[in-house]
Amino acid sequence: MTDLLVLDDVGKSFGALRAVDGVSFSVAAGEVLGIAGPNGSGKSTLFNIITGIPFRPDRGAITFAGERIERLAPHLIARRGIARTFQTETDFETLSVEDNMLTALAQRRDGLGHGERVREARRLLEFVGVAASPDRTAGEISVFDRKKLMIATALALRPKLLLLDEPASGLSQPEVEGTIALIRAINATGVAIVLIEHVISLLMSVSARLVVLNFGSVLASGDPVDVVRDPRVVEAYLGAGAGRDLAAA
Ligand code: ADP
Ligand code: MG
């Protein structure tokens, strides 16, 4: 498979804090790559510097589809095919679910008329499973539906690469299962996914490869089963027993 995204020694500091400190990895076209690591290990900052929202890396190179993007404006990065979600809901909570979708679709520069946009909005809502009442405001729907709405607004940009920041946090077990099914369905359409999660079972079930960050650096990466058994990962992140249980699961 060809590399879609390549990070080469990227870094971002906040004053003396090296939030991302020399990270390198690549994501193949169509691949699902998982990212885990303790709170504060730099996972979200990594998404921020890849997308340029809200800041750029202060060192290193980021190549997407063969082009350097680390100095591009965020909207140009989005236009090249990288979309993301955030850890907290970023929809417009006083707008209806459908208007949230139409706002996202308006960023697509493909000359769709209003009727076509409404159809596309409804298609995407059905795809992610927020089928009921497109008239309700985003503030009125469940946390799970809001998370799916945020994913649908990202998909509205027709990304080649989707970055998901903790999509399963705060969800019940059946909702986590639903999120796994959705991630697989998105990936089956050919979209590559980078997934940040604390729910290791979710990461293990969808990721072809796993990267574990610690203090802004890559602690381990590779086959998920090998990574969760890695003694450094067990010590820094999983705790004794957990890595063994996960690898056996
Ligand atoms: P994670 O997502 O892995 O929990 P983050 O990437 O959010 O971690 O944060 C990594 C580190 O960088 C943390 O110590 C956090 O406090 C710090 N950090 C993140 N964003 C900022 C910012 N805008 N200003 C200052 N420090 C930040
Ligand atoms: Mg985070």
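Going by a ≥ b ≥ c, the root eigenvalues of the Cα gyration tensor, does region 34-190 fall in the rounded group (a/c under 1.5), the prolate group (a/b larger than b/c) or the oblate group?
The shape class here is oblate.
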Among Ala104, Ala29, Ala131, residue whose mean-square fluctuation peaks in a GNM of the chain (springs only between Cα atoms under 10 Å): Ala131
Spatially proximal lysines relative to Lys147 (Cα-Cα < 21 Å; intrachain offsets below 8 disregarded): Lys43, Lys160
Spatial separation of Cα centroids for region 1-67 and region 71-89, in angstrom: 13 Å
Per-residue [θ]222 nm for the chain (sum of -39500 (n - 2.57) over DSSP H runs n ≥ 4, rounded to 500): -10500 deg cm²/dmol
Two-site label geometry, Asp226 and Ser13: point separation in nm, points 7 Å out along Cα→Cβ: 3.3 nm
Fluctuation leader among Val143, Val128, Val194 - the chain, Gaussian network, Cα springs under 10 angstrom: Val143
Most mobile listed residue (Leu33, Leu203, Leu182) in the chain, GNM with C-alpha springs under 10 Å: Leu182
Residue-span extension gain [Ser133 to Asp110] - 0.36 nm each, minus C-alpha spacing: 5.6 nm
Amide N of region 6-43 lying under 16 Å from the label point, which is placed 7 angstrom from the Cα of Thr88 along Cα→Cβ: 40
Relative contact order (%) - the chain, alpha-carbon pairs under 8 angstrom, separation at least six: 25 percent
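For region 74-164, what class follows from the C-alpha gyration tensor (a ≥ b ≥ c being the square roots of its eigenvalues): rounded when a/c is under 1.5, otherwise prolate if a/b is larger than b/c, else oblate?
Numbers: a/c = 1.82, a/b = 1.21, b/c = 1.50.
Judged from the Cα gyration tensor, region 74-164 comes out oblate (a/c at least 1.5, b/c at or above a/b).
Values quoted throughout were computed directly from the atomic coordinates according to the rules given, and no laboratory measurement underlies them. This one's a predicted model, so the numbers in the text were calculated from it and none came from an experiment. Here Cβ is always computed from backbone atoms with ideal geometry, including for glycine, and neighbour counts include all displayed protein chains.
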